[in-house]
Amino acid sequence: MRKMNVLLTGGAGYIGSHVAILLIEKGHSVTIIDSLITGNKRLVPKKAKLFVCDIADKKKVSQIVKQQKFDLVMHFAGLIRVDESIKKPKKYINFNFEKTKIFLNICFNNKIDKLIFSSTASVYGKSNKGKVSENDKKVPGNPYALSKLKTEKFIINKSKKILINYIILRYFNVAGADMKYRSGLISKYSSHLIKVICEVVIGKRKKLIINGNDYDTRDGTPVRDYIHISDLAQMHYICAKNLINKNHSNIFNCGYGRGFSVKNVVSTFNKILGYQINAQIGKRRPGDCEKIIANTQKFKKYFKWKPKYNNLNIIIKTALNWEKKIRQYK
Ligand SMILES: NC(=O)c1ccc[n+]([C@@H]2O[C@H](COP(=O)([O-])OP(=O)(O)OC[C@H]3O[C@@H](n4cnc5c(N)ncnc54)[C@H](O)[C@@H]3O)[C@@H](O)[C@H]2O)c1
């Protein structure tokens, strides 16, 4: 396939950096816009061009998009903490929705007509059935999820008025690290379960608090669908190629279609480590739902795709090795 020139926001972050690495590995060009508000320069691949700037900085973003012809934009930049969004809802609507509107309008006005957008499984909210499908009802249960759903709607409405094509990807719980450890999750305030346990293992945190054991699940703890970051990066690459070759818009879930409870994850860690991590039952966390698992048939059928790392052990081992690697950074 011909070389793609990709504009990628949030490339100093966890997911954006993995996708940037993959694109560069496949011979494509990547230009990153990242304000470094939560990102880290270390994660930006050397061959990518980095502009440290806010996505809503009209002047700078206009300059960047006018400098070269981009084939598509991948928009990862955003704030991701559900707990913070509950305390500061306006901040989340501003960062994830209002700023994205400004940014995407600049892109669209400058003839970038293909877009991949990072959405989230949390747009579905509380799901009482087994697996959620793309067309299921959306009931965002917190301001973070709402900010993403509003952005999805903005993109879909825009595509009805102007000639653009998009793929919206709804990520379930992303975890693990690059198999060559070129990137992984660096975050001061992560609330992601696997990250938090890794920090307990290396001694950065004293213990894991299990947020609630009175949910209506098999062992009482919340159930999530964990997807390895490298499979997720591959899904983006597949979507990018598809957008370049076909003028089709679409929405896909990104998960593996099977759930693990918090206790399942803890016991897998314990088996890998050969000892019990320090864990304690605490209160439920506001905004959490009991269970969310992806129906993954749409992506698998559409692209005839099979994941490579659908294994909780691999997810945990790569996350742990990455955590050990970045210990020396601090
Ligand atoms: N990590 C997950 O499990 C998960 C799940 C569902 C959806 N998502 C979505 O995926 C995207 C990437 O998430 P991540 O885990 O890599 O987060 P991250 O915090 O590691 O990366 C986000 C990046 O965006 C940058 N950024 C934020 N606001 C910006 C702004 N206004 N201008 C320029 N740069 C800005 C940050 O500096 C950071 O580098 C987010 O949109 C998030 O909502 C993530």
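Nothing in this text is a laboratory measurement; each read-out follows from the coordinates by a stated rule. None of the values given here were measured: they were computed from a predicted structure. Here the Cβ positions follow ideal geometry from the backbone for every residue, glycine too, while neighbour counts run over all protein chains shown.
Data for the structure
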read-out	value
Assigned charges on the beta-carbon of Lys, Arg, Asp, Glu; region 151-247 dipole about Cα centre (debye)	480 debye
Given the chain, longest segment not containing exposed loop chymotrypsin sites (Phe, Trp or Tyr not before Pro) (DSSP; at most 12 other Cβ within 10 Å)	1-188
Options CYS107, ILE209, GLY287, ranked by Cα towards positive dipole end of the chain, top entry (Cβ charges)	CYS107
Rounded Å value of the spacing that divides the Cα centres of region 134-149 and region 12-66	27 Å
Unit charges on C-beta of K, R, D, E only; dipole of region 271-330, Debye	280 debye
Cross-link partners of LYS69 among lysines (Cα-Cα below 20 Å; sequence separation of 8 or more within a chain)	LYS3, LYS26, LYS47, LYS49, LYS58, LYS59, LYS60, LYS111, LYS114, LYS241, LYS246
Amide H within-cut-off set for GLY11, under 5 Å, with H built and near neighbours excluded	ILE33
Cβ-based exposure ranking for MET4, MET74, MET235, MET179, in which fewest neighbours within 10 Å come first	MET179, MET4, MET235, MET74
Dipole in debye (nearest 20) - the chain, about Cα centre, beta carbon charges: Lys, Arg +1; Asp, Glu -1	500 debye
Two-site FRET efficiency, LYS188 against PHE303, from Cβ-Cβ distance with R₀ of 35 Å, rounded to 0.05	0.45
Estimated FRET transfer efficiency when R0 is 30 angstrom, pair MET1-SER159 (beta carbons, to 0.05)	0.80
Tensor-based shape of the chain (alpha-carbon gyration tensor, a/c under 1.5 rounded, otherwise prolate or oblate)	prolate
For region 228-242, 3J(HN,Hα) per residue [Karplus equation, 6.51 cos²θ - 1.76 cosθ + 1.60, θ = phi - 60°, Hz, x = Gly/Pro]	5, 4, 6, 5, 5, 4, 4, 4, 5, 5, 4, 5, 4, 4, 5
Per-residue ³J(HN,Hα) for region 16-25, Karplus 6.51 cos²θ - 1.76 cosθ + 1.60, θ = phi - 60°, Hz, x for Gly and Pro	x, 5, 5, 5, 4, 4, 5, 4, 5, 4
Translational D in µm²/s for region 2-83 (Stokes-Einstein at 25 °C, 0.890 mPa s, Kirkwood Rh from C-alpha pairs)	194 µm²/s
FRET efficiency for TYR275 and GLU84, using Cβ-Cβ distance with R0 set to 30 Å, rounded to 0.05	0.35
